[in-house]
Amino acid sequence: MKVIVLGAGIVGVTSAYQLAKAGHDVTVVDRQPGPALETSFANAGEVSFGYCSPWAAPGIPMKAMKWLFMKHAPLILRPKLDMAMLSWMARMLSNCTSERYAINKSRMLRLADYSRIALADLRAETGIAYDERMQGTLQLFRTQQQLEASAKDVKALAADGIPYEVLDRDGCVRFEPALSHVRDKIVGGLLTPKDETGDCFKFTNALAAKAAALGVRFAYGTTIKALDVEAGRVRGIITDRERMSAEAVVVALGSYSPLLLKPLGIRPPVYPVKGYSLTIPITDASRAPESTVMDETYKIAITRLGDRIRVGGMAEISGYTNDLGLARRSTLEHSVTDLFPGGDISKASFWSGLRPMTPDGTPVIGPTKIAGLFLNTGHGTLGWTMSTGSARLIGDLVGGRQPEIDARDLAISRYG
């Protein structure tokens, strides 16, 4: 079929590659001049097959109230008269129950583990290099209360057969030797050894080149105006340059997906939650992490990417704004210098991106009520982690094949 993929981030490019491999005639359309120049550009670098959890969890409403008054808060809320924001927040609160958390985390783990296999296959198939490491994620606890609260995550990991290890202080230092300098600040951690790290921007650009070699066309610098729908079936898209025809369209526009879909009465509950990152050159390898350390107190990931450290995190609910607040930089600097002192943060580059979050944490993948129109969006902080598995699902669904894992509860129909 002739397929158009909307969006050239990690989710769009992996989708295009899989569709081209299946023999489809694929075009990718993006307003940017190249791939991975928005949310995929400088994310935290985690590929978290085991460390993936819904933000909507029991106890989060009370924690959120406390976070709003912290100097280095993981959550920043800038409320406004925006029905999409208010509706999204209400839906998220409704998912903060033990029952919903267990359901949503199980969905996420299923897709993440499928993506682990898909990424390994893709890496072997293409030979792509992207500062990758396969050394796991250490969720680091500074308090006994945090360590005890991880029991719900341990239960979910065990139920889904995901390898994990609960570590004491000495175990954390053995896994990440640089923590020996700050051992008194930690009480323990949760290790998910199958997790990986890597530069999403490098990977996406390399895979885009591989996709182009398979015949995928990339229409960069092109603004998508509308979807072209006739008699209940998608016929293509309308851009600022031309009308493009297609038999199938995959919407992988991240936070901007709902804006394009709204005129058709399709409303995936995806809302932008801004995250921030620093990229710091390593000056002393003995004081740098080996893999990813997740600072549970500030919800900040500190990741080794070759000769750099990527520090990413925070959740700012402020709509479609992408300004860089110096207070957010201060929080990132505080976390990384507190755990890994000695780096030269004066040379760090500062970035922000809009993560496409759903209220339940699970992406929206699958068909819509419009024939030939598919969604692959709403991955939140886990687009890098879930991209390869999501792309396989889309490849199967567009081609009319039975997916290798159950994808029914990932579709937009779960929202009624």
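When you scan segment 349-361, do you find a residue that is part of a strand (DSSP E or B), over 17 Å from Ser257 (Cβ atoms) and among the aromatic types (Phe, Trp, Tyr), even just one? Before you say what the answer is, go through the steps one by one.
Looking only at segment 349-361, we keep the residues that are part of a strand (DSSP E or B), and these are 349-357.
Of the ones still in play, those that are also over 17 Å from Ser257 (Cβ atoms) are 349-352.
Narrowing further to those that are among the aromatic types (Phe, Trp, Tyr): 350-351.
Yes - at least one qualifying residue is present in segment 349-361.
Of all residues in segment 155-176, count the ones that are surrounded by 14 or more Cβ atoms within 10 Å (Cβ to Cβ) and in a helix (DSSP H, G or I).
Let us first name the residues in segment 155-176 that are surrounded by 14 or more Cβ atoms within 10 Å (Cβ to Cβ), namely 156-157, 160, 162-167, 169, 171-173, 175-176.
Next, only the ones that are in a helix (DSSP H, G or I) stay: 156-157, 169, 171-173, 175.
Qualifying residue count, segment 155-176: 7.
Among the residues of segment 1-52, write down those that are open to solvent by less than 30 Å² (accessible area, probe 1.4 Å), β-branched (Val, Ile, Thr) and within 15 Å of the chain's Cα centre (by Cα).
Scanning segment 1-52 gives Ile10, Val11, Val13, Thr14, Val47.
Being within 22 Å of the chain's Cα centre (by Cα) and not in a helix (DSSP H, G or I) is the filter; apply it to segment 391-407 and report the residue that is surrounded by the most Cβ atoms within 10 Å (Cβ to Cβ). Even if it seems obvious, please write down each step before you answer.
Going residue by residue through segment 391-407, those that are within 22 Å of the chain's Cα centre (by Cα) are 391-397, 403-407.
Among the residues that remain, those that are also not in a helix (DSSP H, G or I) are: 403-407.
Details: Pro403: 18, Glu404: 13, Ile405: 14, Asp406: 10, Ala407: 22.
The selected residue is Ala407.
Among the residues of segment 315-351, what is the count of those that are open to solvent by 30 Å² or more (accessible area, probe 1.4 Å) and among the small types (Gly, Ala, Ser)?
Total meeting the criteria: 6.
Six or more apart or on different chains, Cβ under 8 Å: which pairs go from a residue in segment 228-242 that's of a type in the set (S, T, N, Q) to one that's modelled with pLDDT of 95 or more? Could you list them?
Filtered contacts from segment 228-242: Thr239/Val29; Thr239/Ala219; Thr239/Thr222; Thr239/Thr223; Thr239/Ile224; Thr239/Lys225.
Give me the residue from segment 267-287 that is within 18 Å of the chain's Cα centre (by Cα) and more than 18 Å from Ile317 (Cβ to Cβ) and, out of that set, most open to solvent (accessible area, probe 1.4 Å). Step through it out loud before you land on a result.
To start, the set of residues in segment 267-287 that are within 18 Å of the chain's Cα centre (by Cα) comprises 268-279.
Those left that are additionally more than 18 Å from Ile317 (Cβ to Cβ): 278-279.
Details: Leu278: 0, Thr279: 23 Å².
Among those that are within 18 Å of the chain's Cα centre (by Cα) and more than 18 Å from Ile317 (Cβ to Cβ), it is Thr279.
Would segment 163-177 turn up any residue that is under 23 Å from Asp338 (Cα atoms) and of a type in the set (Phe, Trp, Tyr)? Show your work before the answer.
Let us first name the residues in segment 163-177 that are under 23 Å from Asp338 (Cα atoms), namely 166-177.
After this cut, where a residue has to be of a type in the set (Phe, Trp, Tyr) as well, the list is 175.
Yes, that holds for at least one residue.
Restricting to segment 131-145, name every residue that is closer than 30 Å to Gly306 by Cα and not in a loop (DSSP other than H, G, I, E, B). Before you say what the answer is, go through the steps one by one.
Just the residues of segment 131-145 that are closer than 30 Å to Gly306 by Cα, to begin with: 131-142.
Of everything in segment 131-145, those that are closer than 30 Å to Gly306 by Cα and not in a loop (DSSP other than H, G, I, E, B) turn out to be Arg133, Thr137, Leu138, Gln139, Leu140, Phe141.
Looking for something within 19 Å of Thr331 (Cβ to Cβ), open to solvent by less than 40 Å² (accessible area, probe 1.4 Å) and aliphatic (A, V, I, L, M) - is there at least one such residue anywhere in segment 89-112? Please lay out each step first, then the result.
Here is the first cut: in segment 89-112, the residues within 19 Å of Thr331 (Cβ to Cβ) are none.
Checked segment 89-112: no residue is within 19 Å of Thr331 (Cβ to Cβ), open to solvent by less than 40 Å² (accessible area, probe 1.4 Å) and aliphatic (A, V, I, L, M).
Considering only residues of segment 219-266 that are open to solvent by less than 30 Å² (accessible area, probe 1.4 Å) and of a type in the set (Ser, Thr, Tyr), which is nearest to the chain's Cα centre (by Cα)?
Per the stated criteria, the residue is Ser255.
Which numbered condition in (1) out of contact with any strand residue (DSSP E or B) (no Cβ under 8 Å at 6 or more places or on another chain); (2) modelled with pLDDT under 95; (3) open to solvent by 40 Å² or more (accessible area, probe 1.4 Å) is the only one that Ala84 fails?
(1)
The values are calculated or read from the model by the stated rules, or taken from the named source; none is laboratory data. All values reported here derive from a predicted model rather than from experimental measurement. Neighbour counts run over all protein chains shown; Cβ positions are idealised from the backbone, glycine included. Each accessible area value is taken on the protein alone, full model and side chains, heavy atoms only, with ligands, DNA and RNA left out. Shrake-Rupley method; radii C 1.70, N 1.55, O 1.52, S 1.80 Å.
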